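Participant: Shown below is the structure under consideration.
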Amino acid sequence: MEDFISIHDLTLYEFHEILDLSRKIKKYPHRFRQSLKNKILAMVFQKPSLRTRVSFEVGMLELGGQAIYLAPADIQAGTRETFFDIGKNLERWVDGIMIRTFAHENIIELARAASIPVINGLSDLLHPCQAMADVFTLKEKKGNLAGLKLAFIGDGNNVCHSLLFAGAKAGMTIAVATPPGYEPKEEIVKMALEDGQTTGFKLILTHNPEEAVAGADAVYTDVWASMGQESEREIRRQIFAPYQVNQALMSKAAPQAVFMHCLPAHRGEEVTDEVIDSAQSIVYDQAENRLHVQKAIMLLLMGKK
Ligand code: CP
Ligand code: NVA
């Protein structure tokens with residue numbers, strides 16, 4: 001593993017290695033305090049962030065290293081200079097790069113240029129750190145991932161795509177319910193199905209949220225308009241209204257079902273207060289686990305080989 005750009009790129013061994021190491025780091029954080037001593041991570045952000053920014057920076061500090069936050073206006077990636085040149089410069093000073101950007105190709109270009117590890121902190125296409133933290137959280141709660149059914153309700157977006165890849169590696173059933181025209185990308189679906197051929201992965205694609213949620217062990221949703229789609233927010237609010245995760249929809253899931261969301265949430269849109277604040281909700285556990293899982297990813301990429 002040289003970069004962490006897509007869960008699709010991981011071998012099954014690497015996928016489970018990340019989950020196992022995350023568990024150890026969460027349980028015994030003090031054992032890893034020097035693991036990335038004197039290492040420096042550059043964090044390139046073209047979009048806002050709470051969880052990704054804080055969990056990567058705290059993660060580096062807790063592993064004995066440091067992180068440098070580069071805000072959108074600082075380096076004006078893609079405008080002031082190319083992602084290729086940013087990679088060629090950063091590799092001379094730091095040990096790893098985490099990037100949050102719009103076009104996924106920007107990350108590919110950066111990784112092609114930089115000889116140091118590159119971590120995808122979200123693109124328009126994928127959000128792999130989120131999905132790894134999500135399956136780690138599910139594993140903590142349910143004991144085992146294989147055979148679990150996760151229903152993703154809403155937009156077939158970056159989070160949905162990475163959950164498909166994670167579910168494929170883990171041998172889960174993923175049921176995605178979107179409005180017509182907002183399905184996950186065909187290309188991603190095809191790749192996930194290939195990844196899941198040997199794992200017991202099952203995929204359900206529907207436009208009916210109740211069908212997706214039926215008997216699900218986890219019900220997951222995300223905002224209807226992602227970062228960069230702000231101008232579509234009003235129209236999407238109307239189109240996605242039937243896809244709100246509320247108590248009525250949750251009642252169709254398995255009795256012990258959990259509610260999941262990557263956050264930030266638009267309460268009252270994709271999820272009601274009643275659901276996100278309920279005892280079934282594990283959204284803050286997901287957020288906490290970003291820290292432990294990303295520490296594992298950074299250690300595997302930047303630690304002693
Ligand atoms: N879930 C997530 O990535 O949150 P941020 O956008 O705040 O980083
Ligand atoms: N789909 C959302 C996820 C935010 C963490 C977005 O891209 O804005």
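Participant: Let me check the size of the chain from its C-alpha atoms; what are the radius of gyration and Dmax in Å?
Facilitator: When restricted to the Cα atoms of the chain, Rg and Dmax are 18.6, 55 Å.
Participant: Also: Glu288 to Glu230: extension gain in nm, 0.36 nm per residue of separation minus the Cα-Cα distance?
Facilitator: Separation in residues times 0.36 nm, less the Cα-Cα distance, equals 18.2 nm.
Participant: Mean-square fluctuation check for the chain, GNM, Cα pairs under 10 Å: which of Gln76, Gln286, Gln229 is largest?
Facilitator: Taking springs between Cα atoms under 10 Å, the residue moving most is Gln229.
Participant: Short version: what are the Cα gyration tensor semi-axes of the stretch 1-121, square root of 5 times each eigenvalue, largest first, in whole Å?
Facilitator: Those come to 24, 17, 13 Å.
Participant: Let me ask something else about it. Using label points projected 7 Å from each Cα along Cα→Cβ, tell me how many nm separate Gln34 and Asp277, to one decimal.
Facilitator: Placing both labels 7 Å along Cα→Cβ, they lie 4.7 nm apart.
Participant: Enumerate the lysines that Lys37 could reach by cross-link, defined here as Cα to Cα under 24 Å, with residues fewer than 8 away along the same chain left out.
Facilitator: Lys24, Lys26, Lys27, Lys88, Lys295, Lys304, Lys305
Participant: Tilt of helix 158-170 relative to the longest C-alpha principal axis of the chain, in degrees (0 to 90, nearest 10)?
Facilitator: 90
Participant: Another question, then. Given points 7 Å out from each Cα along the Cα-Cβ axis, report the Arg23 to Gln66 separation in nanometres with one decimal.
Facilitator: 3.6
Participant: Sequence-distant or interchain residues sharing an amide H contact under 5 Å with Ile119, placed H: which?
Facilitator: It is Phe4, Ile97, Met98, Ile99, by chain and number.
Participant: Roughly how many nanometres apart are two label points built 7 Å out from the Cα toward the Cβ at Lys47 and Leu193?
Facilitator: 2.7
Bear in mind these aren't lab numbers, they're just calculated from the coordinates by the rules spelled out. Remember, it's a predicted structure, so these values are computed and weren't measured experimentally. With ideal geometry, Cβ positions are generated from the backbone for all residues, glycine too; neighbour counts draw on all protein chains shown.
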